[in-house]
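Input: a single structure, listed below in structure tokens.
The values are calculated or read from the model by the stated rules, or taken from the named source; none is laboratory data. Source: prediction; values computed, not measured. FYI the Cβ positions are ideal-geometry reconstructions off the backbone, even for glycines, and counts take in every protein chain you see.
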Amino acid sequence: MSDITNPEAVKFCNEKVRALADAATAYYYVALAAVNEWNANSLGTVIPYTADTIVDGSETDGRTPITGAKVNGLIDHVEAMIVDLEANSNQKLNVLLQIEVNGSP
């Protein structure tokens, strides 16, 4: 097996591939912590899957308001991502962990 020394390939891997793996790994760990807190504190009962707006100051500071449904939708999304990365003995997560440099806590 020969090494890949093409400067364009090396630059792409250093600047894009490793950065992507770092970002994806960091996202996984932030998502995992949020889902663990969501479940540990039964936040699904505190933030129902409704169109009710979360009163978080967004109405006065310019941020887009969020609803209980949007929060629950995000939690559903990250739970699915976590399940996918951890499936088959962490097969996809391990790909990220083998490439990332700065994404792990």
query = Within the stretch 20-34, can you find the residues that are surrounded by fewer than 16 Cβ atoms within 10 Å (Cβ to Cβ) and either over 17 Å from Pro105 (Cβ atoms) or β-branched (Val, Ile, Thr) (or both)?
reply = Leu20, Val30
query = Where residues in the stretch 59-80 are small (Gly, Ala, Ser) and over 13 Å from Gly44 (Cα atoms), which of them is farthest from the chain's Cα centre (by Cα)?
reply = Gly62
remark   = Expected single match for modelled with pLDDT of 95 or more and over 22 Å from the mean Cα position of the chain (by Cα) among Thr25, Thr53 is Thr53
message = Looking at the stretch 39-92 only, could you name the residues that are surrounded by 12 or more Cβ atoms within 10 Å (Cβ to Cβ), among the hydrophobic types (A, V, I, L, M, F, W, C) and either assigned to a helix (DSSP H, G or I) or touching a residue at least 60 places away in the same chain (Cβ under 8 Å) (or both)?
response = Leu43, Ala69, Val71, Leu74, Ile75, Val78, Met81, Ile82, Leu85
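For the structure I just gave you, tell me whether Asn102 is more than 14 Å from the chain's Cα centre (by Cα) and not in a helix (DSSP H, G or I). Give the derivation first.
Working: more than 14 Å from the chain's Cα centre (by Cα): yes; not in a helix (DSSP H, G or I): yes.
Criteria met by Asn102.
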